[in-house]
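A short write-up of the structure that comes next.
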There are 2 protein chains.
Amino acid sequence: MTTAPTGGGERETRWLTDDEQRVWRAYLHATTLFDDHLDRRLQRDAGMPHIYYGLLVQLSHAPGRSKRMTELAIDAKITRSRLSHAVARLEKNGWVRREECPSDKRGQNAILTDAGFAVLEKAAPGHVETVRQAMFDRLTPEQVEQLGEIMRVLAEGLQPEDSGADLPWLR
Amino acid sequence: MTTAPTGGGERETRWLTDDEQRVWRAYLHATTLFDDHLDRRLQRDAGMPHIYYGLLVQLSHAPGRSKRMTELAIDAKITRSRLSHAVARLEKNGWVRREECPSDKRGQNAILTDAGFAVLEKAAPGHVETVRQAMFDRLTPEQVEQLGEIMRVLAEGLQPEDSGADLPWLR
DNA sequence: CCCATATAGTTCAACTTTCAAGAAGTGGTC
DNA sequence: GACCACTTCTTGAAAGTTGAACTATATGGG
């Protein structure tokens, strides 16, 4: 649905050209496959979806391997609701634990446990290898640079997304 | 977890360079935001997630606005299981109906209804506009071309993904 | 101090996705 | 024509996601 000369009461829709459609489809195709690929690998190698893995990574980089929930949600680009569920699951796995925030009683800190760190340490090489094989081994250095720049531009335009859910600015 | 000089018994992991990490993060960031953005828009404007919309689009392009389930699954890059559930939902909405395949009694054809087509017609301009604003209005013509080529390369390397679920080659 | 309002995080219900069966049909082989 | 391997599609339960409602705490005036 991107080319038809429109049908209803519209005001000059700027439909995609054939070239644009091809790029758009290629984008959807590739990103879908990529996402699935990563998810499966990590599910297999680390027993969790990609985004959960990303949470552990975030924590591993944080001072004290600890982070406020909201901060973690923002960094991982997910809603607080989703994070709550995710951390609950990771906690059940023994990979993360929660601790009250001393300075703000509403707050919680998510903390990477040693077990969690171990899982990360074990899965990381395989994950990196996956990413490398699927992306960096296939692209020329120029393309890698182009991709980076393109993604930066796209992300920039998407940041201040409102939409009524949760906190407006929080995703 | 992409830079640390490793920790356990590994054989020379090819960690990502700082530049590669930046690109990788930019990629994740942008694609995540993009996906969320589209999903929300379509949920709001058409009452369904992006992938369901994609199914209707596929059908609208097919001869007779009809397609075999498996073919549809392959084109949409989803499992048949997922498609079954999705079509069930779309059928409940009255946007798709199922019909037995005459030549193969195992088969089902998914058919876009007039109501389904109407939904598509109504949502399409907004959807295209969303895509245009978020992607094509932001990139230079060169970047669009680069993006297309890069995505083609990435998809190429991901095609024959096995992994044990459903049919290996299907999805 | 007390209030209104904002923020942090969780929870609930509805929905989607996944995985592992399972029911039904096809096609080739002997 | 009975068997066997395979394909097509569906189902059910578990896991994950979403948006909205909710609890509790914080904050900045009056």
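The values are calculated or read from the model by the stated rules, or taken from the named source; none is laboratory data. If you're wondering where the values come from, they're calculated on a predicted model, not measured in any experiment. When we count neighbours, we look across all protein chains shown, and the Cβ atoms used for this are built from the backbone with ideal geometry, even at glycine. Each accessible area value is taken on the protein alone, full model and side chains, heavy atoms only, with ligands, DNA and RNA left out. Shrake-Rupley method; radii C 1.70, N 1.55, O 1.52, S 1.80 Å.
From the label point of B:D39, set 7 Å along Cα to the beta carbon, how far off in nm is each other copy's matching point, shortest first?
0.9
Please give the total accessible area that chains B and A bury against each other, computed with a 1.4 Å probe and expressed in Å² to the nearest 100.
Values: alone 12100 and 12110 Å², together 17660 Å².
That pair hides around 6500 Å² of surface in total.
Among the listed pairs A:K67/A:K92; A:K77/B:K122; A:K77/B:K92; A:K67/A:K105; A:K92/B:K77; A:K67/B:K77, which have their C-alpha atoms separated by more than 26 angstrom in this model? Please list the in-between numbers first.
Values: A:K67/A:K92 18 Å; A:K77/B:K122 30 Å; A:K77/B:K92 33 Å; A:K67/A:K105 15 Å; A:K92/B:K77 33 Å; A:K67/B:K77 36 Å.
From the list (A:K67/A:K92; A:K77/B:K122; A:K77/B:K92; A:K67/A:K105; A:K92/B:K77; A:K67/B:K77), the Cα-Cα distance tops 26 Å for A:K77/B:K122; A:K77/B:K92; A:K92/B:K77; A:K67/B:K77.
On C-alpha positions alone, give me the angle between the axis of helix B:80-92 and the longest principal axis of chain B, in degrees, nearest 10.
50 degrees
Could you work out the mean count of beta carbons from other protein chains within 10 Å of each residue's beta carbon in A:51-64?
Working: counts 2, 0, 1, 3, 0, 1, 2, 1, 0, 2, 4, 0, 0, 0.
Mean partner shielding for this stretch: 1.
Mind checking A:18-24 for the average number of partner chain beta-carbons within 10 Å of each residue's beta-carbon?
Working: counts 0, 5, 7, 2, 4, 13, 9.
If you average over the peptide's residues, the count of other-chain Cβ atoms is 6.
Which distances in nm, rounded to one decimal and ordered from shortest, link the label point of A:Q159 to the equivalent label points in the other identical copies, with labels set 7 Å from Cα toward Cβ?
Ordered by increasing distance: 3.9 nm.
Determine the share of the range A:29-158's accessible area contributed by carbon and sulfur atoms, expressed in whole percent, with a 1.4 angstrom probe.
Working: 2890 of 6080 Å².
Carbon and sulfur atoms account for 48 percent of the accessible area of the range A:29-158.
For the full complex of protein chains and a 1.4 angstrom probe, list B:F117, A:F34 by accessible area with the highest value first.
Details: B:F117 45, A:F34 0 Å².
Result, largest first: B:F117, A:F34.
Tell me the net charge near B:L59. Cut-off is 15 Å between Cβ atoms, B:L59 excluded, with +1 for each Lys or Arg and -1 for each Asp or Glu. Walk me through the intermediate numbers first.
Details: positive: B:R65, B:K67, B:R68, B:R89, B:R97, B:R98; negative: B:E71, B:D75, B:E91, B:E99, B:D114, B:E121.
Charge balance near B:L59 sits at 0.
Out of every Cα-Cα pair in chain A, what percent are more than 20 Å apart? Could you put the intermediate results ahead of the total?
Details: 9490 of 14535 pairs.
Tail of P(r) above 20 Å: 65 percent of Cα pairs.
Taking a probe of 1.4 angstrom, what is the accessible area of A:H29 in Å², to the nearest 10?
Around 50 Å² of this residue is reachable by solvent.
Estimate the FRET efficiency between B:R97 and A:E145 by the formula 1/(1 + (r/R0)^6), using the beta-carbon distance for r and 45 Å for R0, to the nearest 0.05.
On the way: r = 49 Å, r/R0 = 1.08.
Efficiency at R0 = 45 Å is approximately 0.40.
For a quick check: with amide H placed at 1.01 Å from N, whose amide H comes under 5 Å from B:V96's, ignoring anything fewer than 5 positions away on the same chain?
Result for B:V96 returns B:E91, B:T113.
Helix A:18-46 against the longest principal axis of chain A: what's the angle in degrees, Cα atoms only, rounded to the nearest 10?
20 degrees
Taking a probe of 1.4 angstrom, what is the accessible area of A:E12 in Å², to the nearest 10?
150 Å²
Which distances in nm, rounded to one decimal and ordered from shortest, link the label point of B:T17 to the equivalent label points in the other identical copies, with labels set 7 Å from Cα toward Cβ?
Nearest to farthest, the other copies are at 3.4 nm.
Taking every residue in A:33-44, how many Cβ atoms of other protein chains lie within 10 Å of its Cβ, on average?
4
Using +1 at the Cβ of each Lys and Arg and -1 at the Cβ of each Asp and Glu in the protein assembly as shown, identify which of A:A124, A:V96, A:A30 lies farthest towards the dipole's positive end.
A:V96
Provide the per residue accessible area, probe 1.4 Å, for the range B:21-157, rounded to a whole number of square angstrom. Don't skip to the answer; put the middle values down first.
Values: 6470 Å² over 137 residues.
Per residue, the range B:21-157 has an accessible area of 47 Å².
Please calculate the 1.4 Å probe accessible area of B:R132, with all protein chains present, and give it to the nearest 10 Å².
Approximately 20 Å² for this residue.
At A:Q43 and B:R138, where each label point lies 7 Å from the Cα along Cα→Cβ, what is the point-to-point distance in nanometres?
2.9 nm
Give me the dipole magnitude in Debye, nearest 20, for chain A about the Cα centre, with unit charges on the beta carbon: positive for Lys and Arg, negative for Asp and Glu.
Numbers: 24 positive and 26 negative charges, 163 e Å.
Its charge dipole is roughly 780 debye.
For Cα pairs less than 8 Å apart in space and 6+ apart in sequence, what is the mean separation divided by the residue count of chain A, i.e. the relative contact order in percent? Each step should come with its number before you reach the end.
Numbers: 139 pairs, mean separation 31.3, N = 171.
Value for chain A: 18 percent.
Can you classify the protein assembly as shown as rounded, prolate or oblate using the Cα gyration tensor, where a ≥ b ≥ c are the square roots of its eigenvalues, rounded means a/c under 1.5, and otherwise it's prolate if a/b beats b/c and oblate if not? Working shown, then result.
Numbers: a/c = 1.61, a/b = 1.60, b/c = 1.00.
The shape class here is prolate.
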